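Accompanying notes for the structure given below.
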Amino acid sequence: MANTHVKHNATGYSDALICEAEGLERLARALDEAGVTGIGVPNVYLVNETELEITAIRSSGRSDRARAVLGEGLARMHGLRQKAYGWGRDNYIGLSPQPNRWCDNWGEFFVRDRLGYQVSRIRDTSQRSRFQKLLDEHRSALTEWLNAHCDHPSVLHGDLWNGNVLYDADGPWLIDPAVYCGDREADIAMTEMFGGFGEAFYQAYDTHYPRTSVYDVKREVYNLYHYLNHYNLFGGGYLGGCQAGMDAIESIGRGEA
């Protein structure tokens, strides 16, 4: 057997590692279906409620070439049309539950099961009421706008920030997914939350599957989900990111996007 790494469940949720293993296996299958060979996903050797045994990755420096391989591979994976939006079971985004269902309406799914769920978890009642009112006011316009600018469901990593991509001598590896099916640009948006993936990544991605003309607005809306999650987990340092996303929703509601 290859060198392995054992991850222990420190989340407080008994099925967290099982969901992670399912996500890894779905990512691996999607990359294989897309004919992508340059991106690694750890093999799952054992999983239960307390332990997840996966391929060990000897991390090294990232190069422009490796980032380009990642960009092209993700574009090819995102290009595979899936049957619906959502996922067949609830899973987790970091340390938070992530509710799922299958849905034919992307805007409805994202507004209810991503933004609405996170807003409902805000402990500050005045902040929660303010964000909920704004979401309710623009729900219809936001739903229609998201549907108008989404080509089809794609398999998403779901938590695609710098810390969840490792690089070894052979290239990039994807770890710690929060898999579901959605608008591909939700994945790309999150790559920009904490410093970006480098110009080589975005050039390679756009060469194979160009981002839409409204990507800059989508980025604020899609990253609102993650800023809300971070706000709920870690506090007010993420409130500015939440407000930027809410401002984007207001601009869509006013017909300015």
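Values quoted throughout were computed directly from the atomic coordinates according to the rules given, and no laboratory measurement underlies them. Just so it is clear, the model here is predicted, and its values are computed rather than measured. No Cβ is skipped: glycine too gets one built from the backbone with ideal geometry, and neighbour counts run over all protein chains shown.
For a Förster distance of 35 Å, can you work out the FRET efficiency between the beta-carbons of Asn48 and Ser251, rounded to the nearest 0.05?
Efficiency computed from Cβ-Cβ geometry: 0.15.
Could you please rank Thr125, Thr143, Thr4, placing first whichever residue has the fewest other Cβ atoms within 10 Å of its Cβ?
Thr125, Thr4, Thr143
Students often get this wrong: which residues of the stretch 32-76 have the backbone nitrogen under 11 Å from the point 7 angstrom along Cα-to-C-beta of His5?
Taking a point 7 Å out along Cα→Cβ of His5, the residues of the stretch 32-76 whose backbone N falls under 11 Å are 42-43, 54-60.
Which one is right for this structure if Rg and Dmax of the Cα atoms in Å is calculated from it: (1) 21.8, 83; (2) 17.0, 54; (3) 17.9, 58?
Of the listed options (1) 21.8, 83; (2) 17.0, 54; (3) 17.9, 58, (3) comes from this structure.
What does the extension gain come out to for Phe234 and Thr212, with contour length at 0.36 nm per residue minus their alpha carbon separation?
Length difference between fully extended and current span is 4.7 nm.
Under 8 Å for C-alpha pairs, at least 6 residues apart: give me the relative contact order for the chain, rounded to a whole percent.
22 percent
Arrange Ser120, Ser126, Ser251, Ser154 by Cβ neighbour counts within 10 Å, fewest through most, would you?
Listing Ser120, Ser126, Ser251, Ser154 from fewest to most nearby Cβ atoms yields Ser126, Ser120, Ser251, Ser154.
Between Ser63 and Asp168, what is the label-to-label distance in nm when each label sits 7 Å out along the Cα-to-Cβ direction?
Distance between the two pseudo-spin positions: 1.7 nm.
With a ≥ b ≥ c the root eigenvalues of the C-alpha gyration tensor of the stretch 195-257, is it rounded (a/c under 1.5), prolate (a/b larger than b/c) or oblate?
Because a/c hits 1.5 or more and a/b fails to exceed b/c, the stretch 195-257 counts as oblate.
Kindly identify the stretch 2-85 as rounded, prolate or oblate by the Cα gyration tensor criterion: order the square roots of the eigenvalues as a ≥ b ≥ c, call it rounded if a/c is under 1.5, otherwise compare a/b with b/c, prolate if a/b is larger, else oblate.
Oblate shape, in that a/c is at least 1.5 and b/c is the bigger or equal ratio.
What whole-number distance in Å separates the alpha-carbon centres of the stretch 134-164 and the stretch 206-246?
About 10 Å separates the Cα centre of the stretch 134-164 from the one of the stretch 206-246.
Just in the stretch 156-223: which chymotrypsin sites (Phe, Trp or Tyr not before Pro) are loop by DSSP and have at most 13 other Cβ atoms within 10 Å?
Phe194
Would you list Glu51, Glu22 from fewest to most Cβ contacts within 10 Å?
Going from least to most buried by this count: Glu51, Glu22.
Rounded, prolate or oblate for the stretch 117-207? Axes are the square roots of the Cα gyration tensor eigenvalues, ordered a ≥ b ≥ c, and the cut-off for rounded is a/c under 1.5. Can you show the working numbers first?
On the way: a/c = 2.56, a/b = 1.70, b/c = 1.50.
Judged from the Cα gyration tensor, the stretch 117-207 comes out prolate (a/c at least 1.5, a/b above b/c).
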